[in-house]
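> Next up is a structure, given as structure tokens.
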Amino acid sequence: MSVAALRRRIAEALEGLGADAGLVGRRGLPVFGEAARLHCVGLGADGRDKFLAPLAARAWQAMSAAAAAEQVELLLVSAFRSFDFQHALIRAKIAKGRSLDEVLRVNAPPGCSEHHSGRAVDIGSRGIAPLEEDFERTEAFAWLGANAARYGFGLSFPRENRYGYLYEPWHWCWHRRST
């Protein structure tokens, strides 16, 4: 899909959610097409298969193995999500009574999620509710802070990030080949 077609699809999805189509530009949000190829990286914490783009999958598996060798468990909570899944996720949160503004501070609009690229993972830790700020106090988060960059992963949404998303210590994205 061309970038122009993807931008039209994003604008239509935003309008369908009741948001201004100019939101993406005003917040300077990047646009991500869906990964063309995906590789299964195993079961996530929810018991379902999780998928990443091939190079990100290799980096994730190497990073997970390195953490495990140091007795640190990185639980895979989420990986690839399609445009349609992201759209449905946002609609479901709105249907439960959350405001669109609140939802879009946590979830990227469809077409703007790093998860579409097949390079992003949400990571959890046993004993901590998934996708909560408490993750920053875990051994897994400390390990990621010290080691993730060696595998090409970076924390996407630190406190007060430029995109206006809430702090997400669990969300890491692969940006380059491992060293």
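Every number here is computed from the coordinates shown, using simple stated rules; none is lab data. Everything numeric here is computed off the predicted structure, so don't read it as measured data. Every residue, glycine among them, receives a Cβ derived from its backbone with ideal geometry; neighbour counts consider all protein chains shown.
> Quick one: what does P(r) look like for segment 1-94 with 10 Å bins over all Cα pairs, in whole %?
14, 36, 28, 19, 4
> Still on this model: Multiplying the sequence separation of residue 48 and residue 160 by 0.36 nm and subtracting their Cα-Cα distance, what value in nm do you get?
Contour length minus Cα-Cα distance gives 37.1 nm.
> What would the Debye formula give as log10 I(q)/I(0) at q = 0.15 Å⁻¹ for the alpha-carbon point model of segment 3-174, no solvent?
Log10 of I(q)/I(0), two decimals: -0.85.
> Sticking with this structure for a sec: Which of 22, 154, 145 moves most in a GNM of the chain, Cα contacts under 10 Å?
22
> In debye to the nearest 20, how big a dipole does the chain give about its Cα centre with +1 on each Lys and Arg Cβ and -1 on each Asp and Glu Cβ? Each step should come with its number before you reach the end.
Numbers: 23 positive and 20 negative charges, 116 e Å.
Computed charge dipole of the chain: roughly 560 debye.
> Show that you can apply the helix-only estimate: for the chain, add -39,500 (n - 2.57) for every DSSP H stretch of four or more residues, divide by all residues, and state [θ] at 222 nm to the nearest 500.
-11000 deg cm²/dmol
> While we're on this one: Return the FRET efficiency for the residue pair residue 40, residue 4: r is the Cβ-Cβ distance, R0 is 41 Å, and the value is rounded to the nearest 0.05.
Plugging the Cβ-Cβ distance into 1/(1 + (r/R0)^6) gives 0.80.
> Please work out how much length the chain gains when fully extended from residue 126 to residue 73, using 0.36 nm per residue of separation minus the C-alpha to C-alpha distance, in nm with one decimal.
Stretched out fully, the residue 126 to residue 73 stretch lengthens by 18.3 nm.
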